[in-house]
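The values are calculated or read from the model by the stated rules, or taken from the named source; none is laboratory data. Since we're looking at a predicted model, the values are computed, not measured. Reconstructed Cβ throughout: ideal geometry from the backbone, glycine too, with neighbour counts over all protein chains shown.
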Amino acid sequence: MHRIAVVTGSSSGIGRATATRLLEAGFTVIGLARHHNQSGMSHDRYHPCTADFSDIEELDKIAADISKDHPEISVLVCNAGFGDFRHLENFSYKQIQEFLNVNLVAHIVLCRHMASGMKKLGQGDIVIVGSEAALIGKRKATLYSAAKFGIRGFAQSLRDEVGSSGLRVCLINPGMVRSAFFNDLDFEPGNSPENAIEPDDIAKVIVETVGTRKGTVIDEVNLSPASKAIYFKNKRL
């Protein structure tokens, strides 16, 4: 059966690499992102869809329409998100709400719609890109870890909930990835190739996961750079 995949955050980084790999594997890809004009994605089986993940009400409508128009969707890759690393008291109420909407609630809403359709198919793969921040909390990562710990608990519970319907749920927890994620942050991975994971490294794992024999479920994958080093843009530590 020809497979259709939904990939969030498809305009750059992990999402773009994943969409590219899925297209190469013969999938039709529906890419969700806020902006598509700089993605450089051009393929007759790639269909961009503009979505603001901070607007949950609108995203719910978009997800419902996609599910209705493409009932054969059998892969969902939840990847969209952003980072903001400050002490908790430096966030306003609205900033907290927006952060958790984009990094947690939006993924839950999408899974709710896509899982329902996959159950009718009797098969499907949901791959959620989490973070090493889901494994241990650190200072200035209060909101980020809260979202990623939440995603991890959600993935584990959803896997148990939908497994008997033929659906598989995989959570991937990468360390620092060399991507636009760090553009607006005051730090980034060190310059050595060993200091960061490349987006395509994760994309290859995702494609391998959804192509695994149906009798096997890959629950969780942790990925780390070979050598961790952080470059602070104002000073080197």
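Quick notes
- Filter result for residue 19 (more than 17 Å from residue 111 (Cα to Cα), surrounded by fewer than 19 Cβ atoms within 10 Å (Cβ to Cβ) and of a type in the set (A, V, I, L, M, F, W, C)): no
- Residue satisfying all of: in the stretch 187-211; surrounded by 14 or more Cβ atoms within 10 Å (Cβ to Cβ) and part of a loop (DSSP other than H, G, I, E, B); modelled with the highest pLDDT among these: 198
- Among the residues making up the stretch 22-35, those that are surrounded by 24 or more Cβ atoms within 10 Å (Cβ to Cβ) and touching a Cys at 6+ places or on another chain (Cβ under 9 Å) are 31, 32, 33.
- Evaluation of residue 129 against (1) over 24 Å from residue 65 (Cα atoms); (2) touching a Gly at 6+ places or on another chain (Cβ under 9 Å) (one fails), failing number: (1)
- Some residue of the stretch 56-64 being at pLDDT below 95 and in contact with a His (Cβ under 9 Å, 6 or more places away or on another chain): no
- Within the stretch 174-186, considering residues that are in a loop (DSSP other than H, G, I, E, B) and among the hydrophobic types (A, V, I, L, M, F, W, C), the one surrounded by the most Cβ atoms within 10 Å (Cβ to Cβ): 176
- Qualifying position, being aliphatic (A, V, I, L, M), part of a strand (DSSP E or B) and without any contact (Cβ under 8 Å) to a residue 60 or more places away in the chain, among 217, 162, 169: 169
- Selection of the stretch 97-126 for residues being closer than 11 Å to residue 167 by Cα and of a type outside the set (Ser, Thr, Tyr) yields 114, 115, 117, 118, 119, 120, 121, 122, 123, 124, 125, 126.
- Matching option when the condition is more than 25 Å from residue 173 (Cβ to Cβ) and touching a helix residue (DSSP H, G or I) at 6+ places or on another chain (Cβ under 9 Å), among 78, 49: 49
- Contact map, the stretch 189-200: residues that are over 8 Å from residue 229 (Cα atoms) paired with residues that are surrounded by fewer than 18 Cβ atoms within 10 Å (Cβ to Cβ), Cβ distance under 6 Å, separation 6+ or inter-chain. Pairs shown: 194/226; 194/227; 197/223.
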